[in-house]
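For reference, the structure discussed in these notes is given below.
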Amino acid sequence: MSRSGVTEGSVSAVFPTVREVLALDPVRHGTPRVVAGDAGLDGPVRWVHVAEVPDIATLLGGGELVLTTGIGLPGDDAGLRAFIGDLADVGVSGLVVELGRRYGSGVPRVMIAAAERRGLPLVELRRATPFVRITEAVHALIVDAQLTELRATEEIHQRFTDLSVEGADAAEVIRQAADLSGCPVVLENLSRQVLGYDPAGESAELLLDGWEQHSRRIRPAGRTAYDPDSGWLVTVVGARGQDWGRLLLRWPASGEPPTQRAGESTAPDAGPPTRLTILIERAASTLALGRLIRRDAEGLERQIHRTLLTALLDHTRPVDEVALRAKALGVVLDRRHLVGVMVRHRADDPAGEGGPEAGQARLRDLSEAVGQALREAKLTALTSAVDDNAVGALLALPDPAAEDRALSAFASALRRVRLDGAVRATSGIEPTRAVSGIEPTRATSGGEGARVANDPARTAGGAPGGLIVAAGSGVGSLREARRSLVEARQIAEAARRDRRDLPVFRLPHVGLAGLLHLLRDEPRLQTFVERELGALLEYDARHPRERLLDTLRAYLEQGRNKTAGAAAAHLSRPAFYERLARIARILDVDLDSVEASLSLHVALLALEAVRTP
């Protein structure tokens, strides 16, 4: 294993094989014939060495193709066996013997037998050939392959440097990695869920079918390593000491090297060339860097509120500066009771319905609706979009007693704004902005009018139809405002799994399942799931018919009642008990322990949250 975690075969892929050397014109001129060691013909040739002395092995380092006329070789069988054994021990790639000077019709049988036994390719040249032409041809091939590898490496570095500078998204990084390698590429999180992929022209369905179970069988030895059993080159993705996923590249694709370059081995089991190791590591670093960079595409006129609200969320500006700039905007935050609020659609923007521009318009319309509702409710607040799906607001209230009344007034006003926008759209009045999230259009009978008429904004009672309004705990100073805003964001995310139509969601409304759902993208939660359940998930991946995870779930969901668990799992009690015992051995836990079972139950809920969009 090399220092980078890649197999030696992948490092040597830049060198030609013995088989390729035998196909060169200067070698073919000698009419070569392989008399032993056919299985080693795909071994790499690192250099060519001419030798006429029997103790040449002490001067070699491995990987050399040795050329000889045999004039200096031992005359006895024992000496010839020792000569072949020494070459095999040092790791030469093959031995080429020119007939005529020492051996007339062929090399001695004892040499053939010894070479075959050690798997050392032994080749006869039945016609005299200048060795210098062979060495020149092979060395030129090696140097050319190394230059090709260097150029490919430079292209990889330049391509991913450009992607980093441009702030390319993960899909583009993955696409470029697949394009440069010609291999399928998959990005997954720590729970083996696919975050992005490019099949490189192959079937995406076949690539991703049963991915989690397949991924758990890919177990490379190292941070960047090739798993020859599965044929995947894998590297860990993360930055600042926090890993959050793996990037995988399949080699070879469909059993053949997909983008063979000059000098690369054609043997499927030789491992990927060094350039692919460099490629996947550069792609992983670009993905990690892209996750750290948040690009803001909004216009300047929308920046001030967002800058201040983001500064509170991310601690990028002193709170005194935020208070001063907010006051200049007419939003007084000092000596006020502050409440963080988040408003978002219950469902994300449907993929493929209008593209990025429609999603931006949807978020812009929601921002306008929130702003108008704040004005109608006569509330003072900083407000702006905080991500691609949510609009945040920091309410500044005169005293804590006004909190519930202010939140109720805001929710009611937002509902009226949404309903009013829908009514104007269905009546054929074109609003200045489609606050309902539908592009401004003049309604007609049926068609678009019918679609607008069914807009969830027409829902009566509860929260504004299709929207979630979430509020954090009120705080007494601007230094604590971030806690309220973050709490509101988490509540809004968790409330998406709650089917209740509450005017405002607060912290008491969020249960454990909701809490785990909002934390599903947190690498530490995924690490916890892997630590608690990883061994069982890997077992199920190897034995898909047994489904021990379902047995554990039935046991825990029935309050550790084995009889009820057996019934829920549709198993006899003896079979159920035997499976529980097997689970306990696999996980090395005591299932009768309340603490251990609680930890496993939380991990199961977290696994469901990770697997559920």
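The values are calculated or read from the model by the stated rules, or taken from the named source; none is laboratory data. Since this is a predicted model, take the numbers as computed values, not measurements. Virtual Cβ from ideal backbone geometry, glycine too; neighbours counted across all protein chains shown. Areas reflect the complete protein model, heavy atoms only, side chains present, ligands, DNA and RNA absent. Shrake-Rupley method; radii C 1.70, N 1.55, O 1.52, S 1.80 Å.
Going residue by residue through segment 31-41, is there one that turns out to be of a type in the set (A, V, I, L, M, F, W, C), without any contact (Cβ under 8 Å) to a residue 60 or more places away in the chain and out of contact with any helix residue (DSSP H, G or I) (no Cβ under 8 Å at 6 or more places or on another chain)? Please lay out each step first, then the result.
Residues of segment 31-41 of a type in the set (A, V, I, L, M, F, W, C): 34-36, 39, 41.
From what is left, the residues that are without any contact (Cβ under 8 Å) to a residue 60 or more places away in the chain are none.
The answer is no, given that none of the residues of segment 31-41 is of a type in the set (A, V, I, L, M, F, W, C), without any contact (Cβ under 8 Å) to a residue 60 or more places away in the chain and out of contact with any helix residue (DSSP H, G or I) (no Cβ under 8 Å at 6 or more places or on another chain).
When you go through V107, V96, V66 one by one, which is the residue that is over 22 Å from Q146 (Cβ atoms) and assigned to a strand (DSSP E or B)? Write out each step before concluding.
On the way: V107 fails: assigned to a strand (DSSP E or B); V66 fails: over 22 Å from Q146 (Cβ atoms).
Residue meeting the stated conditions: V96.
Evaluate the following for Q558: is it crowded, with 16+ Cβ neighbours inside 10 Å, among the polar types (S, T, N, Q) and farther than 30 Å from S215 by Cα? Please lay out each step first, then the result.
On the way: crowded, with 16+ Cβ neighbours inside 10 Å: yes; among the polar types (S, T, N, Q): yes; farther than 30 Å from S215 by Cα: yes.
Yes.
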State which residue is modelled with the lowest pLDDT when the search covers only segment 496-511 and only residues that are among the charged types (D, E, K, R) and open to solvent by 40 Å² or more (accessible area, probe 1.4 Å). R497
Leading residue by the ranking (least open to solvent (accessible area, probe 1.4 Å)) among those in segment 154-169 that are farther than 13 Å from I280 by Cα and in contact with a helix residue (DSSP H, G or I) (Cβ under 6 Å, 6 or more places away or on another chain): L163
From the list S181, S215, which one is open to solvent by less than 10 Å² (accessible area, probe 1.4 Å), touching a Pro at 6+ places or on another chain (Cβ under 9 Å) and either modelled with pLDDT of 85 or more or not hydrophobic (A, V, I, L, M, F, W, C) (or both)? S181
Restricting to segment 161-217, count the residues that are assigned to a loop (DSSP other than H, G, I, E, B), closer than 18 Å to W244 by Cα, in contact with a Lys or Arg (Cβ under 8 Å, 6 or more places away or on another chain) and of a type in the set (D, E, K, R). 1
Looking at E493, E487, which one is part of a helix (DSSP H, G or I), modelled with pLDDT under 90, of a type in the set (D, E, K, R) and under 20 Å from A369 (Cβ atoms)? E493
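A quick yes/no check of all residues on (1) open to solvent by 30 Å² or more (accessible area, probe 1.4 Å); (2) under 30 Å from L249 (Cα atoms); (3) modelled with pLDDT of 90 or more:
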| position | (1), (2), (3) |
| --- | --- |
| S12 | no, yes, no |
| L41 | no, yes, yes |
| R46 | yes, yes, no |
| H49 | yes, no, no |
| I56 | no, no, no |
| G63 | no, yes, no |
| L67 | no, no, yes |
| G72 | no, no, no |
| G75 | yes, no, no |
Just the residues that are touching a Ser or Thr at 6+ places or on another chain (Cβ under 9 Å), open to solvent by less than 30 Å² (accessible area, probe 1.4 Å) and at pLDDT 90 or above, please, taken from segment 184-203. V186
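Restricted to segment 524-559, and to residues that are touching a Leu at 6+ places or on another chain (Cβ under 8 Å) and of a type in the set (F, W, Y), which residue is nearest to L600 (Cα to Cα)?
At the first step, the residues of segment 524-559 found to be touching a Leu at 6+ places or on another chain (Cβ under 8 Å) are 525-527, 529-530, 532-533, 535-537, 539-540, 548-549, 551-553, 555-556.
Those still in the list that are of a type in the set (F, W, Y) too: 539, 555.
Working: Y539: 16, Y555: 11 Å.
It comes out as Y555.
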All positions within segment 110-128 that are open to solvent by 10 Å² or more (accessible area, probe 1.4 Å) and either in a helix (DSSP H, G or I) or polar (S, T, N, Q) (or both): V110, I112, A113, E116, R117, R118
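For (1) under 27 Å from L525 (Cα atoms); (2) among the aliphatic types (A, V, I, L, M), each residue gets a yes or a no:
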{"residue": "D179", "(1), (2)": "no, no"}
{"residue": "C183", "(1), (2)": "no, no"}
{"residue": "D209", "(1), (2)": "yes, no"}
{"residue": "R223", "(1), (2)": "yes, no"}
{"residue": "L233", "(1), (2)": "yes, yes"}
Of (1) open to solvent by 70 Å² or more (accessible area, probe 1.4 Å); (2) touching a Gly at 6+ places or on another chain (Cβ under 7 Å); (3) farther than 25 Å from T17 by Cβ, R175 satisfies every one except (2)
